[in-house]
Amino acid sequence: MRKLLREPLLHFAVLGALLFALYGGINGGAAKVPQEIVVTQGHLDNLRAQFARTWQRQPSADELKGLVEQWVRDEIFYREGQALGLERDDPVVRRRIAQKLEFIADGQAPAAPSDAELQAWLDANRDKYAVEPSYTLRQVYFDPARRGARVEADLADALPALTAGRAVAGDSTMLPAKLEAAPAFEVARVFGSDFAGGLKALPVGQWVGPVRSGFGLHLVKIEQRVDGRTATLTEARDAVERDLLRSRALQAKEDFYKKLRANYTVRVQAEDKPQKPAG
C-alpha cells in the first residue's frame, strides 16, 4: 500500500481529478451543451491573407484546412481559458486587449479638411512651413593649416584680384567652387552651419570675406540670394494636410479615451481617495 502511495502515476491521476473537480465547480458542475464555433468567410479570408503575407502565395486546400483547425484550437482554448478566468490579472493579455482597443480608436479616420481649415492651420504654424533662403554663390578656399602665418596676407592679396575679375586658384579641396540656387539647409550640409549662417549678412554681387567654415576660410561672392518666406498653401498643402490630419487623429483618440474614462472612478488603495473622472 505504501508503495502504491509513492507511485508517481497515482499522484498525476489524483491531481487530474482535482483539476477536473475544480473545473466542474467553476462551471456549475453540470454538463453543458457544446458551444458552437462558426468559421465565417471573413475568418477564412483573414487566414488566407495572413498565409499569403508570410509565404507570398495562397494556401493549398490542405494548408487552409490546417489553418482552420489551428484557429478552432486557439478559439477553444481561449473560451475555456476565459471560463476559468485565466485572463484575469495577466499583464500580457491585459495589454494586448488594451492595444486592440487603441487600434479601434486609431481607425477612426478624421474627415478631410477644407481649404479654409488647412489655411488656418498654416497660419497658426507658419514657422514650420517656412521656405528657406537660397543662394547662388562662388567661393575660393584657403586652408589655414597649409598656409600658416601667410593666410591673412594671402587673403588680403586675393580679394582685390577677385574683385578685379582675375582668377585666384586658392587651395585644392573637394568643396564645390559654386552652388546654384542652393537652399540654406544644402549650404549648411556642404559647408557647415557656421558658414551658412554667415551668408545672411553678406552683400550680393561682390567678393567679400573671409567667411569661416569648419574646413577653413573662404572668399565668397553671392550672385543671387532669395530670402526666406512663409510657404503658400499651394506649396505646402501635402505637409499641412498630413500634419493637420495627424493632429486631429491624436485628438480624436484622446477624446475617445476621455469618454471611456468618464465612466470610471479610480480608487488607489494606498491613498484610499477616489479620483474624479478626467474631464
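The values are calculated or read from the model by the stated rules, or taken from the named source; none is laboratory data. For clarity, every value in this text was computed on a predicted model and none was experimentally measured. Here the Cβ is made from the backbone with ideal geometry for all residues, glycine too, and neighbour counts use every protein chain on show.
Here is how the numbers come out for the structure above:
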read-out: Residues of segment 52-67 satisfying the condition of being exposed (fewer than 12 other Cβ atoms within 10 Å of the Cβ) and not in a helix (DSSP H, G or I); value: Gln56, Arg57, Gln58, Ser60
read-out: Tally, over segment 183-195, of residues that are at pLDDT 90 or above, among the small types (Gly, Ala, Ser) and crowded, with 17+ Cβ neighbours inside 10 Å; value: 1
read-out: Residue selected from segment 249-278 under the condition outside any helix (DSSP H, G or I) and polar (S, T, N, Q), by the criterion modelled with the highest pLDDT; value: Asn263
read-out: Residue count, segment 154-173 (criterion: of a type in the set (A, V, I, L, M) and more than 17 Å from Pro144 (Cβ to Cβ)); value: 4
read-out: Segment 68-112, subset of a type in the set (Asp, Glu) and surrounded by fewer than 11 Cβ atoms within 10 Å (Cβ to Cβ), residue modelled with the highest pLDDT; value: Asp74
read-out: Residue ID - nearest to Gly228 (Cα to Cα), chosen from residues in segment 135-150 that are aliphatic (A, V, I, L, M) and out of contact with any strand residue (DSSP E or B) (no Cβ under 6 Å at 6 or more places or on another chain); value: Ala145
read-out: Looking only at segment 198-246, and only at residues there that are among the hydroxyl-bearing types (Ser, Thr, Tyr) and free of Cβ contacts under 8 Å to residues at least 12 places away in the same chain, the one that is surrounded by the most Cβ atoms within 10 Å (Cβ to Cβ); value: Thr232
read-out: Selection count, segment 138-184, where residues are among the charged types (D, E, K, R) and touching a residue at least 40 places away in the same chain (Cβ under 8 Å); value: 5
